[in-house]
């Protein structure tokens with residue numbers, strides 16, 4: 001069995017690099033989607049215990065929107081993109097026009113817009129992974145839920161509780177002229193996929 | 001009294017029950033667990049001696065899991081461990097009543113690559129397992145707030161046996 005925390009520095013650097021490339025792709029895609037550019041800090045890539053995740057995301061009861069994608073094919077696992085109210089508002093303003101958006105009670109239109117944003121962001125990371133490793137990865141239809149972040153995380157947590165207690169968290173801080181906001185990407189590969197990733201990468 | 005000191009909190013502050021944890025308090029103590037999604041929070045109460053216990057489980061049955069180290073992770077072993085913890089503090093299983101919350105279906109997930117385990121149903125399967133285990137222990141469920149598509153924070157009072165549920169869309173609901 002492979003655990004994230006057993007990885008040496010080289011392997012962790014490689015994961016960080018996948019995170020960096022994915023963030024780069026995601027920012028480019030988001031910028032062209034909303035029609036103006038974002039600045040982004042160097043992403044923080046961390047390997048954490050799932051119990052720590054809610055705290056790092058602002059506390060278990062913090063309201064966030066999560067977009068969940070399953071990956072299959074040569075690698076299987078889950079990607080989850082989490083965005084806070086501020087981020088959701090910026091996206092809704094940019095894509096549906098300025099308005100008094102309420103991320104807590106989104107209608108079908110808003111949900112599908114945010115879901116698509118999440119889809120694009122997650123797929124940017126999937127592409128980075130696939131390209132770096134020269135493999136094919138399939139992606140499921142994205143699924144969206146807005147609620148307490150702890151409750152959102154219970155879904156991947158339950159799935160992986162059997163196997164491992166760790167997950168990879170990529171934190172991105174975005175800036176526009178007016179605001180700063182944060183988005184998080186969680187990557188949870190199945191255990192055998194993690195092993196495969198490292199053998200493909202020659203670790 | 002002395003042998004169960006590590007379970008007891010006399011403080012008025014709420015005792016936090018983390019993920020896959022079980023805790024016991026005496027009146028006037030209060031237990032809280034944050035953001036239950038598909039997990040289930042089981043609250044047991046013995047009114048005669050005002051002992052309250054809460055466990056936050058993730059999965060239905062221990063036997064199906066690969067990593068079995070923590071009994072409080074599972075409905076079956078978690079509830080049994082909690083009952084024992086409470087009995088060590090003077091409670092009696094025959095007097096206990098249960099209130100349960102959680103077991104939501106957070107994501108729709110219609111399209112999945114793995115046919116085997118249907119994640120979307122895990123909340124429901126957790127609730128079913130909890131009901132089954134409580135039935136076997138003959139502990140009646142006197143209130144529940146399960147299923148649906150929302151996260152819940154729950155608090156349970158050892159003084160009154162009242163369960164309070166909070167979500168992001170509605171405020172406190174008392175059970």
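Sequence-distant contacts, meaning Cα pairs under 8 Å at least 6 residues apart, place the relative contact order of the stretch B:2-174 at 26 percent. Set the Cα radius of gyration of the protein assembly as shown against 2.2 N^0.38 Å, with N its number of residues, and you get 1.04. Sorting A:104, A:34, B:24, A:139 from the fewest to the most surrounding beta carbons within 10 angstrom yields A:104, A:34, A:139, B:24. Residues A:109, A:91, ranked from the fewest to the most other C-beta atoms within 10 Å, line up as A:109, A:91. Computed from Cα atoms, the angle from the helix A:191-200 axis to the main principal axis of chain A rounds to 70 degrees. Mean residue ellipticity, 222 nm, helices only, chain A: the sum of -39500 (n - 2.57) across DSSP H runs of n ≥ 4, divided by residue count and rounded to 500, is -14500 deg cm²/dmol.
Shown is the FRET efficiency for residue B:61 and residue B:95, computed with R0 = 22 Å from the Cβ-Cβ distance and rounded to the nearest 0.05: 0.25. The helix-only estimate of mean residue ellipticity at 222 nm for chain B, built from DSSP H runs of length n ≥ 4 each weighted as -39500 (n - 2.57), is -5500 deg cm²/dmol after division by the residue total.
Here the Debye sum runs over all C-alpha atoms of chain A as equal scatterers in vacuum, and log10 of I(q)/I(0) at q = 0.09 Å⁻¹ comes out as -0.32.
For chain B, the longest principal axis of the C-alpha atoms and the axis of helix B:75-88 are separated by about 0°. Binning all Cα-Cα separations of the stretch B:2-174 at 10 Å, short to long from zero, yields these whole-percent fractions: 11, 41, 35, 11, 2, 0. Taking chain B as the reference, fit the longest principal axis to its C-alpha atoms, fit the long axis of helix B:122-136 to the helix C-alpha atoms, and give the angle between the two in degrees, 0 to 90, nearest 10. The helix B:122-136 is inclined about 40 degrees to chain B. Dividing the mean sequence gap of close Cα pairs (under 8 Å, 6+ apart) by how many residues the stretch A:4-200 holds gives a relative contact order of 35 percent. As an exercise, take the mean of 1/r over every pair of distinct alpha carbons in the stretch A:85-203, invert it, and state the Kirkwood radius in angstroms. 16.5 Å is the Kirkwood radius here. For the stretch A:71-139 versus the stretch A:14-28, the inter-centroid distance based on Cα atoms is 15 Å.
Put in order of Cβ neighbour count within 10 Å, fewest first, the listed residues A:170, B:142 become B:142, A:170. What is the distance, in nm, between label points placed 7 Å from the Cα along the Cα-to-Cβ direction at residue B:68 and at residue A:96? It is 4.9 nm.
No lab work stands behind these numbers, since they all come straight from the coordinates. Quick caveat: nothing in here was measured; it's all calculated off a predicted structure. Counting neighbours? That spans all protein chains shown, and the Cβs are built from the backbone with ideal geometry, glycine included.
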